[in-house]
Structures are given as C-alpha cells and as structure tokens.
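One structure below.
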Amino acid sequence: MVAMAKRVKTFHIQFTDPSKTFYCGGEKVSGRVSVEVNEVTRVSAVKLLAVGSAKVEYAKGKQRCRQAAEYLRHEEVLLLDEQPADSDGSVVLRPGNKYEYMFGFELPQQGQLVSSYKGKFGYVQYYVKAMMERPQQPTMECKKAFEVEEPLDVNTPDLLSPTGGSKEKKVTCMFIPDGQVSLNAKIDRRGFCEGEDICINAKFENTCSRIVVPKAAIIAKHTYQANGRTKVCRQKLSAVRGNHIISGMCDAWQGKTIRVPKIKPSMLGCNIIRVEYALTIYIHIPGSEKLILELPLVIGTAGLGSRSNSVSSQEGSVSSASQSWASLRMPSSPPSYCDISRDCRLDQPLTPLLDDFDGDDSPIFMNPPPTFQFPSPPAYTEAEEVNGNARMLPVC
C-alpha cells in the first residue's frame, strides 16, 4: 500500500522476502518501511503494529451476530540507522533521499496461531501496519497483509486408522412398507492431503421397489460461532456415483476412488471458526430422503505427511475403465439404442454450492444439468469380464 500526500511522496511496507507465500508459527517476519518526501518533513515517530485476528459476523433475523478473537499483537517503535535525532526522538526527512525503517519480529510458536482464512461469514487475517506521526499533521498509515499456515500432519496413529459405518432405511409408499435400502462403507484412513485418492469399499442393498443410485461426495463444513449462536455452511467439493441398483439387487464398490481437490487444510484450532471435511456416502432414493453415511476426514498440509497415490490412482482408473462395461449384464444379442434404459453418466466436477442452514438440517446438493449422451452400444469384443464376477448381485 502506498499513501500519497503533498509532503510525503511514498510511504509503504515491503517484506524481506516478497516471494514468500506464507509464514508458520515460530518464524520471523521482517521487512522495511520506506519513506520519501517532497518537502522537508519532521517525523516524530514511525510505529509498527502487527495483528492477527479472527472475526465472525452474520445476521440472525433482526439480530447482528459478531464475535472476534485475537492471536497476534506486536508493537514497536522503528528507528533510522545512522540518522541524527532530536532530544524528543524526532528526525528530519529531506527530499531526494529514501529512508528505510527496518523491522522484524517472531510469530508465536506452532499451535498458538490459526491459519489464514476467508469465508462467507468470517475470516482470519494477519497484517502489519506502519504509522508515521508528524507534528501538527495527521498520522499517516499504510498496511500490508501476510498469510499464515499452521502445519497439520496427517501421519498420526489416529488419522492412519480405518473408519467406516453402516446405515439402513425403511422405505414406505403412502405409509405402506416398501422394503428397505442399506449401505456399509469403509475407508482405510481419515487423514489425507490435496491430490490424494480416497479408496472406498462399500456394499449397497436394495429390497424396495424403486431403482436407487449410490453416490459419494467430499463435503466441506464451515462453522461460525458468534453471540452463542452457530451458523453452518456446507460446500460440495467433488463427487462420484455408482451404477443404478434395481429392486432385489445389490452392488459393491471395491476400491472406488474419489480425489481430494485443491483445498485448504482443516482448521480446528480457532474457537469461533472451524473448517471440517467429511466423505459423505449416500443412496439416492426417488420419492424419499437420501440414506446418508458421513465419515469425518482431516485434510493436512500439502507436502507434510502426504503420500503419493499416483500409481494406485492409475491402477484404479484402468481398473474402473475395464470394469465399466463388464459390470453391465450382457444381453443375448447386441443392444440397440431403444434397449438402453441405464443412465451411464458420471458425476462431473460440480460448481461449489454454499447451502446456509442452522441446526442439523440436511445439506442440499446441486444436481448439474445433463451434459453427456448415452454411449454407443458395445460390441461383444468390447466387453470384458473381470475375474468372472459381475458387480450386480442378487440380495441374499
């Protein structure tokens, strides 16, 4: 930021390493405040203030909810090197010269800060502000922000342990029992970094009369707390879907993958803003509410404890491609377009959708408009059975 005035030509802040994208707890933030003047100017003092704070603000009916928390505050008076000062500490700046006030301070140790964040109803921001005081003149200010990212390692025993669960739902039609749907899912760990693949093993059963569709999505949950109230926003980041399951049948996912997109790590250390993630596995049931199983995830800092899944990702994609047509039951003769009733589309990357709600309301997911046409009927030479197992199995 550059402040221009009649007497002051330039007044701005520059960090020692302008290419540094973020700082971590315990690191040193250093730089200089540069000043140039158009006229002889007396400066009483140049002060530096470093601030890191979180703030939440949103409307709840007619009430305005606000809450703030401070994580960093550093103040110091800056001095010029080899510049004579008067008895009161003031200095005289002259045109044609460039004056630099150096500063430097250490951030609190890791665990005491919160990563920078900007959301719909709150933020966590860090900045340094320089204030130049002049006799009988208004104080001039300039500000420069910097990013903080607290490391979050996902290589801990708790985050490396498997997690899973099961859910079932009885389906009714006009209050008449219509069977049930159930799912049982498991993932091998809870901690991931951006770009990694989450491998899902799941089984879905359908004994109701409707055709259901299993799906999975990575969900971000943003929680804001202010004045004793809580505001929650959910954001759908990426999704995959499985095959339709007709009545009396079941389906299984063996290592079906969904990739963690480029997102910020989980933010768990702030007492008024939290960013959490979850893998939501659910079954879409026409005419009824979804059956939802939510498995918590922790997204760690990229490059810290991340594991390379490039080989497994390639193997998974090849395996999925080879099983896509094999999972369909092959008729006795080549199919025609009129015989195709299966919707073979896959979920595309969805535009993030923020759904605001209070309490425990279910999130609303955005269904994109159809963008894919049905594939051409395969020739028998294109279908390949994998290990002699069809994925569509009768319910036992």
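The values are calculated or read from the model by the stated rules, or taken from the named source; none is laboratory data. Remember, predicted model here, so these are calculated numbers, not experimental data. Cβ placement follows ideal geometry from the backbone for every residue including glycine, while neighbour counts extend to all protein chains displayed.
Would you confirm whether any residue within the range 90-105 is of a type in the set (Asp, Glu) and within 36 Å of the chain's Cα centre (by Cα)? Steps first, answer last, please.
Of all residues in the range 90-105, those of a type in the set (Asp, Glu) come to 100.
The next check asks that each one be within 36 Å of the chain's Cα centre (by Cα); those that pass are none.
No, there is no match, as no residue in the range 90-105 is of a type in the set (Asp, Glu) and within 36 Å of the chain's Cα centre (by Cα).
Mind checking which residues of the range 164-203 are part of a strand (DSSP E or B), crowded, with 21+ Cβ neighbours inside 10 Å and of a type outside the set (Val, Ile, Thr)?
Answer for the range 164-203, where residues must be part of a strand (DSSP E or B), crowded, with 21+ Cβ neighbours inside 10 Å and of a type outside the set (Val, Ile, Thr): LEU183, ALA185, GLY191, PHE192, ALA202.
I need the full set of residues from the range 53-79 which are closer than 22 Å to LYS28 by Cα, loosely packed, with under 15 Cβ neighbours inside 10 Å, under 29 Å from the mean Cα position of the chain (by Cα) and of a type outside the set (Asp, Glu), in order please.
Within the range 53-79, just ARG73 meets the criteria.
Regarding GLY89, is this residue assigned by TED's automatic domain parsing to the domain that holds LYS129 and under 21 Å from PRO151 (Cβ atoms)? Working first, answer last.
Working: assigned by TED's automatic domain parsing to the domain that holds LYS129: yes; under 21 Å from PRO151 (Cβ atoms): no.
No, not satisfied.
When you scan the range 69-79, how many residues do you find that are touching a strand residue (DSSP E or B) at 6+ places or on another chain (Cβ under 6 Å) and within 13 Å of VAL33 (Cβ to Cβ)?
The qualifying residues number 3.
So, GLU27, is that one out of contact with any Lys or Arg (no Cβ under 7 Å at 6 or more places or on another chain) and of a type in the set (Asp, Glu) or not? Walk me through how you get there before you give the answer.
Working: out of contact with any Lys or Arg (no Cβ under 7 Å at 6 or more places or on another chain): yes; of a type in the set (Asp, Glu): yes.
Spelling it out, GLU27 is indeed out of contact with any Lys or Arg (no Cβ under 7 Å at 6 or more places or on another chain) and of a type in the set (Asp, Glu).
Kindly evaluate ASP86 against the criterion of being without any contact (Cβ under 8 Å) to a residue 12 or more places away in the chain, exposed (fewer than 12 other Cβ atoms within 10 Å of the Cβ), in a loop (DSSP other than H, G, I, E, B) and not aliphatic (A, V, I, L, M). Break it down stepwise before answering.
Values: without any contact (Cβ under 8 Å) to a residue 12 or more places away in the chain: yes; exposed (fewer than 12 other Cβ atoms within 10 Å of the Cβ): yes; in a loop (DSSP other than H, G, I, E, B): yes; not aliphatic (A, V, I, L, M): yes.
Yes; evaluated as a whole, the condition is true for this residue.
Do we find that PRO286 is crowded, with 19+ Cβ neighbours inside 10 Å and part of a loop (DSSP other than H, G, I, E, B) in this structure?
On the way: crowded, with 19+ Cβ neighbours inside 10 Å: no; part of a loop (DSSP other than H, G, I, E, B): yes.
Answer is no for this residue.
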